[in-house]
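Written out below as structure tokens is the structure these notes cover.
Values quoted throughout were computed directly from the atomic coordinates according to the rules given, and no laboratory measurement underlies them. As the structure is a computational prediction, the values presented were derived from the model and not from experiment. Methodologically, a virtual Cβ is constructed for each residue, glycine included, from the backbone with ideal geometry; neighbour enumeration extends over all protein chains shown.
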Amino acid sequence: MIIKIGAEGESERKQERKLVIPGEVIVSGEEYLPGDFTKKENNEIIANRYGLAEISRRVVKIIPISGVFEPRRGNTIIGRVEDITFNGWVVDIGGPYSSFLPVSECPRFINKNNLAEFADIGDIISAKILNVKKSGIDLTLKSKGLGKVEGGRLVKINSHKVPRIIGKEGSMINMIKNKTKTEIIVGQNGYIWIKGDLEKENLAEEAIKIIVNEASSDGLTERIEKFLEKNLIK
Amino acid sequence: MVYAKRIDKRKFDEIRPIRAEVGVIPNADGSALFAFGETVAIAAVYGPKPLHPQHMQDPARGIIRCNYTMLPFSVAERAKPGPNRRSKEIGMVAGNALSSVVDLERFPGTVIDVEIIILQANASTRCAGINAAAMALAHAGIVMDELVSSVSIGKIDDKIVTDLIKEEEDYEEGEGATDIPFTMTSRTKKIAHLQLDGKIPISRFKEVIEAAKKACEKIFKYQERALKGEKIN
């Protein structure tokens, strides 16, 4: 299967990417170098993961299309408070590890004796990943637009579909926001927070589900726009 | 009487018709269905995710926790639900076979849950389960060197046969039946798992390995096609 990525591909020209499976030889030749999720053995570049293989110049890498969220420093994420400790919050951000938000990374005054006042268990926060260490993942709220979000709902999707939800320079997400008049925050971990009228929230969630299911097809933005318009008239 | 012809009229090295598909369980991180004829297995993969209880965590690597379940209606006589000695053993061997190809050092202290469920059984359930689980792991975006393919080889009377059915497993005439589940890695062709139930002279074991390798290569082709988006019926 060959998937052509047009709308959200980083490069200007249409690039052909091949679906590969673990153990598959992507290319052979001395000149190629192994990139993400590949290895070189006897001048053959071998895939180590299921995904789309991309060859740019000499480097061969695999773009994952499935799997859990892999936290990276600087990612903006949405999380749900799992637990409160004496000096911070344990936050579920999906993926292999849960993360920790210390009180000191909160930009406003917090009563240390009652952390639940700011964010209780079950509350949703938008935060940034400060660093990823062996001992765990630390979060921060010290950046613009971060903090606890009130009300709304949380929708979980696969983190690898996030670029498609956002679209080229935010075209897709802005279109959904404008059409449905909802507030939406997309976390890079695949957690999406939506707030608006109940009906509109439902519609936005439905649109997101469609995007996830049809992520690899062309002309998706137009189709979603039509879908939203059709359902908004009702 | 010699076992001259197979009960279901297959050739001695013929595998039953294969069904394979990925993405059968939308809620899982990765999932697959694999069937040898009437033996149908599905597998779902969740994770890597934090491992609890904490004492099971390994600070150097992640672990694979594999559960094998035969549904009550999968066999003619209702199977009592819940884990038993047999299902625990099969879960363990399947987990070990899969661990040999998965890059576990990538996420230390985590677990990858692999659930193998047998919907319908007519022998070779562990092999169908391992095949489904390997596809599900790849589908879940787990970093792994290669896939594994599994098949059961038997010695019925004095014939080496590929992919046994229940009646063959229970064959009692002549030398009787021997069942050898066998798992091979897809690229490096290494043996990931091998069991033996019954008796076989060492002199004939080479034939078994040859038959198994041939069958595993065929099975891998189906796994590959299914992972590339084909639905094989």
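Counting, for every residue in A:21-32, the Cβ atoms of other protein chains within 10 Å of its Cβ and taking the mean gives 4. Bridging of B:LYS88 to aspartates and glutamates at a Cα separation below 15 Å is possible for B:ASP113, B:GLU115, once same-chain residues fewer than 8 apart are set aside. Principal-axis analysis of the Cα atoms of chain A puts helix A:198-213 at an angle of about 20° to the longest axis. Centroid-to-centroid, using Cα positions, the range A:115-141 and the range B:85-150 are 34 Å apart.
Measure up B:LYS155/B:LYS213; A:LYS61/B:LYS221; A:LYS148/A:LYS168 against 21 Å on the Cα-Cα distance and list the ones that go over.
On the way: B:LYS155/B:LYS213 16 Å; A:LYS61/B:LYS221 23 Å; A:LYS148/A:LYS168 27 Å.
From the list (B:LYS155/B:LYS213; A:LYS61/B:LYS221; A:LYS148/A:LYS168), the Cα-Cα distance tops 21 Å for A:LYS61/B:LYS221; A:LYS148/A:LYS168.
Rg/Rh, computed from the Cα trace of the protein assembly as shown with Rh as the Kirkwood radius, has the value 1.03. Label-to-label distance for B:GLN54 and B:ASN96 is 3.1 nm, based on points extended 7 Å past Cα in the beta-carbon direction.
Going through the cross-link list A:LYS156/B:LYS49; A:LYS195/A:LYS226; B:LYS11/B:LYS214; A:LYS39/B:LYS231; B:LYS189/B:LYS218; B:LYS5/B:LYS189, which pairs have a Cα-Cα distance over 24 Å in this structure? Pairs exceeding 24 Å: A:LYS39/B:LYS231; B:LYS5/B:LYS189.
Do the sum for chain B: with -39,500 (n - 2.57) for every DSSP H run of n ≥ 4, divided by all residues, what is the mean residue ellipticity at 222 nm, to the nearest 500 deg cm²/dmol? Don't skip to the end; give the middle numbers.
Numbers: 4 runs with 60 residues, N = 233.
About -8500 deg cm²/dmol.
Length gained on full extension, A:VAL25 to A:LYS156, computed as 0.36 nm times the residue gap minus the Cα-Cα distance: 43.8 nm. Placing pseudo-labels 7 Å out from each Cα toward the beta carbon at A:VAL103 and B:GLU217 gives an inter-label distance of 6.7 nm. Against the main long axis of the alpha-carbon atoms of chain A, helix A:220-233 sits at an angle near 40°.
Spin-label pair A:ASN113-B:ARG78: with each label point 7 Å from Cα along the Cα-Cβ axis, the two points sit 6.0 nm from one another.
Listed by chain and number, the aspartates and glutamates whose alpha-carbon sits under 17 Å from that of B:LYS199, ignoring those within fewer than 8 places in the same chain, are B:ASP157, B:ASP158, B:GLU168, B:GLU169, B:ASP170, B:GLU172, B:GLU173, B:GLU175, B:ASP179, B:GLU207.
Take every residue in peptide B:22-29, count the Cβ atoms of other chains within 10 Å of its Cβ, and give the average of those counts.
On the way: counts 2, 1, 0, 0, 1, 0, 0, 4.
So the per-residue partner count for this stretch is 1.
Just to be sure I follow the definition: excluding the sites themselves, where is the longest run in chain A that has none of the chymotrypsin sites (Phe, Trp or Tyr not before Pro) in a DSSP loop with at most 14 other Cβ atoms within 10 Å?
Details: sites that count: A:PHE86, A:PHE109.
Longest site-free region, per DSSP loop and neighbour criteria: A:110-234.
For the range A:30-100 versus the range A:143-184, the inter-centroid distance based on Cα atoms is 21 Å.
With axes computed from alpha carbons, what is the tilt in degrees of helix A:171-180 against the longest principal axis of chain A, rounded to the nearest 10 within 0 to 90? Roughly 40 degrees between the two axes. Cross-link partners for A:LYS144 among the lysines, with Cα-Cα distance under 16 Å and sequence neighbours closer than 8 places in the same chain left out: A:LYS128. A Förster distance of 45 Å, applied to the separation of the beta-carbon atoms of B:GLU172 and B:GLU105, puts the FRET efficiency at 0.40.
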